[in-house]
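Engineer: One structure, pasted below without further comment.
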Amino acid sequence: MWRSMGLGVSLALCLSCSSKSSHSVEPAPDSGTGGGAAGSGGAAGSGGAAGTGFGVPQLLIKTDADVKTMALGGTYALFAGASPGTLGIAADSTNDSWSDTGSDLWGVATDGSTFYAADSTQSRLVYGGVGIPLEPKFVDVAPLVPYVVAMSPSAVFFGDESSASPSLWRVATAGGAPSQIASGIPSPIRLVLDQGWVWLTTLDEPVLYRIDSKATSVTPQAFLSLATGSGTQAIAVGSSDVFFASYETGKCPTDTTSTAYRASIATAQAQQLFESPQGITAMALDGDWLYYSTIGSCPNFEDATIMRFNVAGGPNAAPEPVATGQARVRDIAVDATAVYWLSAGGFDVGGPPAGIIKLPKG
């Protein structure tokens with residue numbers, strides 16, 4: 001294991017960018033380095049600019065890990081990385097990171113005071129208090145293979161890939177054995193817990209699923225299905241509507257694209273909002289604003305963007321840029337004061353850095 005603490009920390013290990021093929025969220029370049037080491041040097045958001053009405057981007061924590069997901073917990077932002085497994089936590093003035101060469105972390109979630117991450121290689125959940133220093137503990141869930149997580153104050157939910165038929169599980173934060181919620185589901189790429197429901201998107205088919213968080217080994221029924229697209233990926237759940245994006249598989253030089261939708265939770269009727277020339281990786285709601293991130297374009301993915309869309313803007317509403325010149329943005333979060341995103345970095349030496357970036361609202 002390896003850990004480091006300090007402002008603007010960079011992991012000392014040279015970490016690869018290997019990933020599970022079924023969960024890859026960017027097309028493979030035709031040629032080039034093929035690796036995914038974080039770009040080095042430069043200020044946060046280097047090579048890009050913030051939109052009107054926002055402050056100056058700040059790199060809260062830099063990493064060479066193949067970062068996958070992030071979560072906000074109080075004043076802290078956390079990320080999980082893979083190959084080897086890495087956790088990072090950052091506030092405005094300090095940060096900390098933890099790494100285990102035997103781990104492979106694909107998801108992190110928090111309720112504000114506690115975090116959980118999924119370690120697929122060692123069949124365990126990694127957890128701890130939200131704060132610095134990071135002091136991870138472990139829950140063995142073998143023979144299950146956890147890889148994505150969602151969290152409530154009383155339970156942790158995770159997807160399992162220990163068999164050819166993935167399943168969804170729940171384990172109490174107070175302890176005890178995991179219990180199966182659903183079986184025979186497509187491999188989830190995102191889990192979102194909201195008002196007693198577990199929502200999931202999958203790259204395997206253009207379907208959005210909603211499963212009762214108290215269910216016991218059900219066969220899930222699709223909440224809605226799309227007529228086009230190869231899968232679903234980004235999702236954000238509001239009080240009456242769910243927002244999500246399709247995923248259209250691309251391979252260089254044809255890039256991945258997405259279409260954003262809004263669906264009534266009461267009727268499951270979907271309405272197309274807009275199309276994105278780059279694949280949408282994550283969404284976050286902030287009042288009437290839907291923030292979203294894109295992966296960028298082949299072959300180097302260093303033109304990724306942070307965008308927002310006014311969901312109450314009427315038929316003439318259009319997405320507007322928040323930040324440009326980013327690299328392989330894989331996750332996004334918003335609180336009352338700022339927008340946060342998780343960049344996996346570019347393939348070019350000296351390109352935009354990998355890590356958590358904070359952009360204050362104006």
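Please treat every number below as a calculation from the coordinates, not as lab data. Computed from a predicted structure; not experimentally measured. For neighbour counting, all protein chains shown are included, and Cβ atoms are generated from backbone atoms with ideal geometry for every residue, glycine included.
Engineer: Quick one: order THR94, THR63 by neighbouring beta-carbon count within 10 Å, fewest to most.
Structural biologist: THR94, THR63
Engineer: Compute, for segment 163-302, the length of the dipole vector about the Cα centre, with Cβ point charges of +1 (Lys, Arg) and -1 (Asp, Glu) only. Units Debye, rounded to 20.
Structural biologist: Numbers: 6 positive and 11 negative charges, 88 e Å.
With Lys and Arg at +1 and Asp and Glu at -1, about 420 debye.
Engineer: Let a ≥ b ≥ c be the square roots of the eigenvalues of the Cα gyration tensor of segment 194-346; is it rounded (a/c under 1.5), or, if not, prolate (a/b larger than b/c) or oblate? Numbers along the way, then the final one.
Structural biologist: Working: a/c = 1.64, a/b = 1.34, b/c = 1.23.
It is prolate, given that a/c is not under 1.5 and a/b is the larger ratio.
Engineer: Going toward the positive end of the dipole of segment 301-362, with +1 on Lys and Arg Cβ and -1 on Asp and Glu Cβ, which of ALA336, LEU359, GLN326 do you reach last?
Structural biologist: Towards the positive end, the residue furthest out is ALA336.
Engineer: Hey, another quick one. Nearest 0.05, what FRET efficiency do SER165 and SER239 give at R0 = 30 Å with Cβ-Cβ as r?
Structural biologist: On the way: r = 34 Å, r/R0 = 1.12.
Step by step, r from the Cβ atoms, then E = 0.35.
Engineer: Roughly how big is segment 42-151's charge dipole about its Cα centre, with Cβ charges of +1 (Lys, Arg) and -1 (Asp, Glu), in debye to the nearest 20? Walk me through the numbers on the way to the answer.
Structural biologist: On the way: 4 positive and 10 negative charges, 33 e Å.
For this selection, approximately 160 debye.
Engineer: Just grab the label-to-label distance for ASP286 and GLU320, each label 7 Å out from Cα along the Cβ direction, in nm (one decimal).
Structural biologist: So the two model labels end up 1.3 nm from each other.
Engineer: Assuming R0 = 25 Å, can you tell me the calculated FRET efficiency for the pair ILE132 and LYS361, based on Cβ-Cβ distance, to the nearest 0.05?
Structural biologist: Numbers: r = 24 Å, r/R0 = 0.97.
That pair, ILE132 with LYS361, gives E of 0.55.
Engineer: For LYS137, LYS62, LYS361, LYS68, which order do you get if you count the other beta carbons within 10 Å of each Cβ and list the fewest first? Intermediate results must be reported in sequence, preceding the final value.
Structural biologist: Values: LYS137 10, LYS62 25, LYS361 14, LYS68 28.
In increasing order of surrounding Cβ atoms, one gets LYS137, LYS361, LYS62, LYS68.
Engineer: Tell me, what does the Kirkwood hydrodynamic radius of segment 90-134 come to in angstroms if you use every pair of distinct C-alpha atoms? Let's see the in-between values first.
Structural biologist: Details: mean 1/r = 0.0879 Å⁻¹.
Evaluated on segment 90-134, it is 11.4 Å.
Engineer: Could you sort out which of LYS137/LYS358; LYS214/LYS361; LYS68/LYS358; LYS62/LYS361 sit more than 26 Å apart by Cα distance in this structure? Walk me through the intermediate numbers first.
Structural biologist: Numbers: LYS137/LYS358 28 Å; LYS214/LYS361 38 Å; LYS68/LYS358 17 Å; LYS62/LYS361 21 Å.
Check vs 26 Å cut-off fails for LYS137/LYS358; LYS214/LYS361.
Engineer: Between PHE223 and residues 5 or more places away or on another chain, which pairs have amide H atoms under 5 Å apart, with H built 1.01 Å from N, and which residues are they?
Structural biologist: Amide H to amide H, under 5 Å and 5 or more residues apart or across chains, PHE223 pairs with LEU208, TYR209, ARG210.
Engineer: Set the Förster distance to 56 Å, then compute FRET efficiency between ALA222 and SER93 from the Cβ-Cβ distance, nearest 0.05.
Structural biologist: Values: r = 46 Å, r/R0 = 0.81.
Approximately 0.80, to the nearest 0.05.
Engineer: Follow-up question, since we're still on this one. On a full-extension model of 0.36 nm per residue, what is the gain between SER113 and SER230, subtracting their alpha-carbon distance, rounded to one decimal in nm?
Structural biologist: On the way: separation 117, 0.36 × 117 = 42.12 nm, distance 3.67 nm.
Additional length available on full extension: 38.4 nm.
Engineer: Under the rule of at least 5 residues apart or a separate chain, name every residue whose amide H is placed under 5 Å from the amide H of GLU248.
Structural biologist: Those lying under 5 Å, H to H, from GLU248 are SER230, THR257.
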